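Q: Right, I'll just put the structure down here and ask away after.
Throughout, read-outs are computed from the coordinates displayed, never taken from laboratory work. Note that the structure is predicted; figures quoted are calculated from it, not measured. Cβ placement follows ideal geometry from the backbone for every residue including glycine, while neighbour counts extend to all protein chains displayed.
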Amino acid sequence: MKAVKEFVVPAAVLTVICLVVSAALAGTYQLTEPVIEAAKRAEADQSRVVVLPDGQNFEQVPADGLENIVEAYKAGNGAGYVITGKAKGYGGDLQVMAGITSDGKIAGVKLMDNNETQGIGSKTGEDAYTSQYKGKDSTLDGVTTISGATISSKAFQSAVTSIFQAYGSLAGVEVAAPEAEDYRVSVFPDVTDFTEVAVEGAKAAYKAGDAGYILVMESKGWEYATSPMEVYVGVGNDGKIAGVVVGENSETPPVADVLKPEYLSKYIGKDSPDGIDNVSGASQTSLGIKKAVRAAMELAPGLIGDASAPADAIGGADGETDIVVGDLFTVTTTAKGYRGAVGDVVVTVSIDANGKIAAIEVDASIETVGVGSQAEDAAYTDSWKGLGEGEAPAAISGATMTSNAVQEAVAKAFAAYNASKGA
């Protein structure tokens, strides 16, 4: 009996207490669940009212199969829809909530989940940017990007475009997509007639009325960019560069100055990118643009069809094409640097009629950033100017292997130069 009192009775009492408490909790939950859910709906509706002020009694509608759509709600009073879309931004997926009125206009937009850089991409959440969407239809006519945060603002705009497409599907109406930016007009502003032509080696090419041609090239910029740059190179009938515009790209905000007309206008009137300095802090993007321009100018003589065109292609070294422009011999060669297992250091060398280096460009984007990548800086490349075969400047401190790779590539360039002279 003593054992029963000491062990069985307390256990039974505890069991009864647990059953009573559990029943009480279950009952409380059943009573409070509708209240909690109602509070959640009210809170969610409040956020939806921010972008669709006239909306009431929002009901979720199926969004399955709607591309880039997170969720969609229809206002019970017929005011319109609140839809959340997504797009790939600089820091990952960027989500945007937009309220679309029953007449297909934006009542408001709001930046939701995102990992954009604070102070740069995060500006897409500020009223100074979002307010321009209010009242716009699906064409988003007049919406502009944020300088220095192009990737984030284009992602925001892309998410809104997806939201409009979803709205059209849900509301059963036809919506027009925004017109894609025509970079060709930026190259030749006075031309309206662009005829596509086939050019091997270019992503696309166009005859720009009677003004010349546009060659669209792809080139690698920043080593961590998620896609190559599109570079539009305009060539006038005189064989000179008429304009350069960078199209679709995923370069990072610090290189914004390289993509602006103030920098790209330096190419106008030239027949090569020689002599154009890289932008400090954006050397990889600068070099990527230069490579695209150089490649376009190598193709240009075949388009222009001018017998007086200054470029003449001859057999190249290491699978590359050597180009003689006036008195300059230009060749691109490669060599293994510190990260040779991953890729090559690419060097473009221009040698004058006296056998001296007139210009040199280095693409060391494969090398360690801040160390081997210093080979791309003007402080190093300029030190090669005026040197002849067998000569080389001092190696970059801490980047001996990259420096040696550049020297090896330059030696190959001189070998090609000598071969062109019959030496």
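Q: Using 0.36 nm per residue, how much length does the chain from THR144 to GLN56 gain when fully extended, once their Cα-Cα distance is taken away?
A: Result for the pair: 28.6 nm of gain on full extension.
Q: Efficiency by 1/(1 + (r/R0)^6): what FRET value for CYS18 and ASP113, r their Cβ-Cβ distance, R0 = 25 Å, to the nearest 0.05?
A: That pair, CYS18 with ASP113, gives E of 0.05.
Q: Could you give me the ³J(HN,Hα) list for region 132-145, computed from phi with Karplus coefficients 6.51, -1.76, 1.60 and θ = phi - 60°, whole Hz, x at Gly and Pro?
A: 5, 7, 4, x, 7, 9, 5, 6, 6, 4, x, 6, 10, 8
Q: Within region 260-289, find all residues whose amide N lies under 19 Å from a label point positioned 7 Å from the Cα of ALA353 along Cα-to-beta-carbon.
A: Backbone N within reach: 271-272.
Q: PRE reach from GLU223 (point 7 Å along Cα→Cβ): which of region 276-305 fall under 13 Å by backbone N?
A: From region 276-305, the list is 283-285.
Q: For GLU196 and SER122 in one chain, what is 0.36 nm times their gap in residues minus the Cα-Cα distance, to one decimal in nm?
A: Contour length minus Cα-Cα distance gives 22.8 nm.
Q: Moving on to the next point. Projected onto the charge dipole of region 53-211 (+1 at Lys/Arg Cβ, -1 at Asp/Glu Cβ, origin at the Cα centre), which of SER122, ALA149, GLY65 gives the Cα projection farthest towards the positive end?
A: Of the candidates, SER122 comes out farthest on the positive side.
Q: Going through the cross-link list LYS136/LYS266; LYS270/LYS336; LYS356/LYS421; LYS88/LYS134; LYS86/LYS136; LYS291/LYS336, which pairs have a Cα-Cα distance over 25 Å in this structure?
A: LYS136/LYS266; LYS270/LYS336
Q: Starting from the Cα-Cα distance between ALA341 and LYS88, subtract it from 0.36 nm times their residue separation and give me the gain in nm to one decimal.
A: Fully extending the segment from ALA341 to LYS88 adds 88.0 nm.
Q: Ok, one more. Between ALA176 and ASP64, what FRET efficiency follows from the Cβ-Cβ distance if R0 is 25 Å, with the result rounded to 0.05?
A: For R0 = 25 Å, the calculated efficiency reads 0.55.
Q: Still on this structure, I have one more. With just the Cα atoms of region 53-164, tell me how far they stretch along each of the three principal axes, in Å, largest first.
A: Sorted largest first, the three principal extents are 41, 27, 21 Å.
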